[in-house]
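Inspection log for the structure reproduced underneath, given as structure tokens.
The values are calculated or read from the model by the stated rules, or taken from the named source; none is laboratory data. In this text the structure is predicted, and so the values were computed from the model without any measurement. Note: ideal-geometry Cβ built from the backbone for every residue, glycine included; neighbour counts use all protein chains shown. Remember, those area values only see protein heavy atoms, side chains included, never the ligands or the DNA or RNA. Shrake-Rupley method; radii C 1.70, N 1.55, O 1.52, S 1.80 Å.
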Amino acid sequence: MPKNPLRRIATWAAVGLSAMALVGCSAAGADDGSGARSEPSGSAGGAVQTVKIGIVPTLDLGFLTIGEKQGFFADQGIKLEITPVDSGPNVITGLVAKQYDLGYTAYAPPLVAVGSGQDLRLVEHLGGIAPKGENGGIFVRKDSGIKRWRDLEGAKFGTNAPRSFGVLWVQAAIASDGGDPSKLELVPLPFNQIADNVASGKLDAGLGLQPYLAQGLKAHPELTDLGDAAAVSFPPGTPSGGIFTAASTLQEKPELFAKFKAAFAKAVEYGNAHLDDVRAAGATLSGLSAADAALIPLQKVDTAVTAADFEPLIAAMKKYGWVEKDIDIDKFLGQS
């Protein structure tokens, strides 16, 4: 067990990916107060509605920009305004404040919000936990004495946010190996700083998602990867991320969301047949080079998801104290 652990950091402060430029230009037309601005359409002479989306960047969101490039959203009279955000909790804050119509992040933050009383609704499911070895890894020093999951008990652990999906993975992995996950001390840092801090000894371990995992191991030969924590306790396909909205926004703009879903369905169909194009588009959206993007596994998207699929995730969130009340997953999925 690491010596002299610092006190646990329990903050929802927004610390994460480096700042990125706004992707997608703001609509030039007037705002009617609904958040969906209208402007003249160049093709049909009708109105184009701008859909504001706050995202935690990922390659999977290349499906959105591919859909734009192919004209699927324009065909529905929609223009996307995509804003990168540094953490899932901040995406939710923007949704609740009506700053965004839609948000994308891993499922843990929105489900925590739902468990705390926020009424959020899933619009499109966008991904699940990948097979072992494709979900990222955990940086540790080779001389740290951390050789197995329970050795992380009491460790100072670097992560992009205290309620990130990666933290839940690690907590479950520690427990599965007989350790106490409640003693994990979380230190929020941008992903691109975690490897440096583990190498210098400021952290005992840290979450490494691609391309940061490969970059960190290359830059610091004294580091090694403890393993894929996600694959320890969660079966492949366990829901990992999706596009969601506030229930009030969905009620205010039902036709807009129907158009978005119709366009997104075509984008997924096209993108699943052109994954290289999705990867390139997602890399641009995420500010990654083509070489870095090539390190990140990308799978075809299946937007179908059921309440039963969420059971392992919700059980872990309740077990490790992320939520205290039952989550009405049927309501979140719009099935009740």
Inset, instruction - Give the stretch 191-228 a look and list any residue that's part of a loop (DSSP other than H, G, I, E, B) and open to solvent by less than 30 Å² (accessible area, probe 1.4 Å), or say none. - result: Leu203, Pro211, Gly227, Asp228
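Yes or no, residue by residue, for (1) at pLDDT below 95; (2) not acidic (Asp, Glu):
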site	(1), (2)
Ser34	yes, yes
Arg37	yes, yes
Gly42	yes, yes
Val48	yes, yes
Lys52	no, yes
Leu61	yes, yes
Thr65	yes, yes
Glu81	no, no
Legend entry - Number of positions in the stretch 269-281 that are closer than 28 Å to Phe332 by Cβ, open to solvent by 30 Å² or more (accessible area, probe 1.4 Å) and either touching a residue at least 40 places away in the same chain (Cβ under 8 Å) or basic (Lys, Arg) (or both): 1
Legend entry - Near pairs, Cβ below 7 angstrom, 6+ apart or cross-chain, from the stretch 156-181 (touching a residue at least 60 places away in the same chain (Cβ under 8 Å)) to any residue that is of a type in the set (Gly, Ala, Ser) and assigned to a loop (DSSP other than H, G, I, E, B): Asn160/Gly16; Asn160/Ser87; Ala161/Gly16; Ala161/Ser87; Pro162/Ala10; Gly166/Gly136; Trp169/Ala229; Ala173/Ala229
Inset, instruction - Report yes if Ala263 is in contact (Cβ under 8 Å) with a residue 40 or more places away in the chain, assigned to a helix (DSSP H, G or I), under 14 Å from Ile243 (Cβ atoms) and in contact with a helix residue (DSSP H, G or I) (Cβ under 7 Å, 6 or more places away or on another chain), otherwise no. - result: yes
Inset, instruction - Might you let me know whether the stretch 207-227 holds any residue that is hydrophobic (A, V, I, L, M, F, W, C), at pLDDT 95 or above and within 20 Å of the chain's Cα centre (by Cα)? - result: yes
Legend entry - Selected residue (only one of Lys261, Lys331, Lys325 is basic (Lys, Arg), within 21 Å of Phe63 (Cβ to Cβ) and surrounded by fewer than 17 Cβ atoms within 10 Å (Cβ to Cβ)): Lys261
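Can you tell me which of Ala14, Ala10, Ala21, Ala27 is in a loop (DSSP other than H, G, I, E, B), modelled with pLDDT under 50 and under 23 Å from Ala263 (Cα atoms)?
Ala27
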Inset, instruction - Restricting attention to the stretch 282-316, report how many residues are closer than 17 Å to Val56 by Cα and open to solvent by less than 20 Å² (accessible area, probe 1.4 Å). - result: 5
Legend entry - Leading residue by the ranking (modelled with the highest pLDDT) among those in the stretch 139-162 that are crowded, with 23+ Cβ neighbours inside 10 Å and part of a loop (DSSP other than H, G, I, E, B): Ala155
Inset, instruction - From Ala246, Ala231, grab the single residue that is among the hydrophobic types (A, V, I, L, M, F, W, C), open to solvent by less than 30 Å² (accessible area, probe 1.4 Å) and within 22 Å of Gly88 (Cβ to Cβ). - result: Ala246
Legend entry - Single match in Ser240, Ser176 (criterion: out of contact with any Leu (no Cβ under 6 Å at 6 or more places or on another chain) and surrounded by fewer than 17 Cβ atoms within 10 Å (Cβ to Cβ)): Ser176
Inset, instruction - Among the numbered conditions (1) over 21 Å from the mean Cα position of the chain (by Cα); (2) of a type in the set (Gly, Ala, Ser); (3) under 26 Å from Gly94 (Cα atoms), tell me where Gly201 comes up short. - result: (3)
Inset, instruction - Go through (1) closer than 30 Å to Ala315 by Cα; (2) assigned to a loop (DSSP other than H, G, I, E, B); (3) of a type outside the set (S, T, N, Q) and name the single condition Leu186 misses. - result: (2)
